[in-house]
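Read the structure below first, then the notes.
Values quoted throughout were computed directly from the atomic coordinates according to the rules given, and no laboratory measurement underlies them. Everything numeric in this text was worked out from a predicted model, so none of it was measured. Every residue, glycine among them, receives a Cβ derived from its backbone with ideal geometry; neighbour counts consider all protein chains shown.
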There are 2 protein chains.
Amino acid sequence: MTSYLEKIASYIKSIDSETLTELQRISSEKKYKKGDLLLRQNEICEKSYLLLSGIARKYYLNDGKEITTELYFENDLAVSFESYTLQQPGREFIEALTDITVSITHYQAFQDAKTKYPKLVTLDLMLAEYYGMWVEHRLFQFHTMTATERYLDILTKSPHIVQAVPLTIIASYLGISLETLSRIRARI
Amino acid sequence: MTSYLEKIASYIKSIDSETLTELQRISSEKKYKKGDLLLRQNEICEKSYLLLSGIARKYYLNDGKEITTELYFENDLAVSFESYTLQQPGREFIEALTDITVSITHYQAFQDAKTKYPKLVTLDLMLAEYYGMWVEHRLFQFHTMTATERYLDILTKSPHIVQAVPLTIIASYLGISLETLSRIRARI
DNA sequence: TTCATTATTTGACCTAAGTCAAATTTCGCG
DNA sequence: CGCGAAATTTGACTTAGGTCAAATAATGAA
């Protein structure tokens, strides 16, 4: 499934330069400091953020507790999917966990570009498909794996997460308490 | 979010008749008996099934236990998302829970049609977006809700599920044991 | 360096949910 | 209608993971 990212990359390479130029024209680079919020609860996610460097996360509040739903590293695309898709206020925050550099594209500019450059519709579709498969995998983890199995899964498949992100955040990402995560780690 | 389905429906209505005719041309109706499998583990999901009548489900095996991942009613589109998207063997089964009638569209025929009728690419995108938001909501339920809350959620938002589907299947859909579901129901 | 803050670990106890086993209840079918 | 299989409930017990509290450990700014 990871190789789907390669398929997307190779699709992008196959796109004519005119379309790519348009894509660049509607995108701009920006830097954020560690702790900055790119998106807040109740806002409409009007931009997509392609992470060029650094680490970020998406989370929401549940009973005042922060529940991390996604972690972003280089080349990951950060958006609050439902808020972005529906262009309605959502409950998610996007936060820089380190200083970051992102490439920002406005929703409306991208929609407009899609009407002129049909290849962008296919790109949009591929990105949505990739996200769908990714969320499906997350759901599978919650549906059938124990806390320990979920931790071992990211330890194996995404070790960069474990070394770069505080345990509090990893615990909420795994849907367990900080203490339980600590005990899982102690037990190997 | 449910209204996104309406948006999809209204998008379909806005599609020119030539495109719609093509869509009909590559689709065909078929009936299945209760218990029939439309897709098995390790097969490639080469078709999408639009449910015209009856009830179906998608599930996979985990330690020999059937884990239901989705329930389908009239007008729902049944596919094993990852297997369909990647055209690779997957682990999911699709099963008729009652006698059903479906409208079948072949993956490849739809891909071919998309190259001639660009509106179908947008339709495909909208369907993928809808599925992504739906899975995100399921993940949210598993991430932050208790078993009781999850049951009350479907009882409230999808009461048709509870009246039409055996508890064994609902329990696995909610990620809890049959006994726990029975106790939750007893406690109201 | 040092102190203060934040991150992580450990302990004691609690609770939601699981498991196994044995009733019941429900239902399709002859 | 009545029986056998399947569905659902109930009981007794176990366990994964949560909560609250306190103790360490790690970090970073002055």
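What the table below lists for this structure:
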read-out	value
Ascending count of other beta-carbon atoms within 10 Å, so fewest first, for B:Ser27, B:Ser53	B:Ser53, B:Ser27
Across the identical copies, how the B:Ser28 labels are spaced - nm, sorted shortest first, 7 Å along Cα→Cβ	5.5
Length released on extending from B:Glu46 to B:Phe73, taking residue separation times 0.36 nm less the Cα-Cα span	7.7 nm
Sum of side-chain charges, A:Thr19 neighbourhood, beta-carbon under 14 Å (Lys, Arg +1; Asp, Glu -1)	0
Whole-number percent relative contact order across chain B, with pairs defined as alpha carbons under 8 Å at least 6 apart	24 percent
Over the range B:23-80, relative contact order from alpha-carbon pairs under 8 Å, at least 6 apart, %	32 percent
Part-to-part distance (alpha-carbon centres) for the range B:20-34 and the range A:148-188, which is given in Å	46 Å
Sorted by Cβ density within 10 Å, fewest first, the residues B:Thr146, B:Thr98	B:Thr146, B:Thr98
Convex hull volume of the range A:1-55 per residue (C-alpha atoms, cubic angstrom)	132 Å³
Footprinting exposure proxy for B:Thr122, B:Thr168, A:Thr19 (fewest neighbouring C-beta atoms within 10 Å first)	B:Thr168, A:Thr19, B:Thr122
Spin-label proximity, B:Gln108 to the range B:48-86 - amide N less than 19 Å from point 7 Å beyond Cα toward beta carbon	B:48-49, B:80, B:83-86
Efficiency of FRET between B:Ser177 and A:Lys13 - r from beta-carbon atoms, R0 51 angstrom, step 0.05	0.55
Dimensionless Rg ratio for the range A:1-141, taking C-alpha atoms and the 2.2 N^0.38 Å reference	1.05
Subset of B:Lys7/B:Lys30; B:Lys65/B:Lys157; A:Lys33/A:Lys157; A:Lys119/B:Lys157 violating a 32 Å alpha-carbon distance limit	A:Lys119/B:Lys157
Ascending list, in nanometres, of distances separating the A:Leu155 label from those of the other copies (7 Å, Cα toward Cβ)	3.9
Net charge of Cβ neighbours under 12 Å - reference A:Tyr107; Lys, Arg +1; Asp, Glu -1	-1
Inter-chain shielding of B:120-132 (mean C-beta neighbours from other protein chains, 10 Å cut-off)	6
Over the range A:36-137, relative contact order from alpha-carbon pairs under 8 Å, at least 6 apart, %	35 percent
Inter-copy label distances at B:Asp99 (7 Å, Cα→Cβ; nm, one decimal)	7.0
Calculated P(r) tail over 38 Å for the protein assembly as shown, as whole % of Cα pairs	20 percent
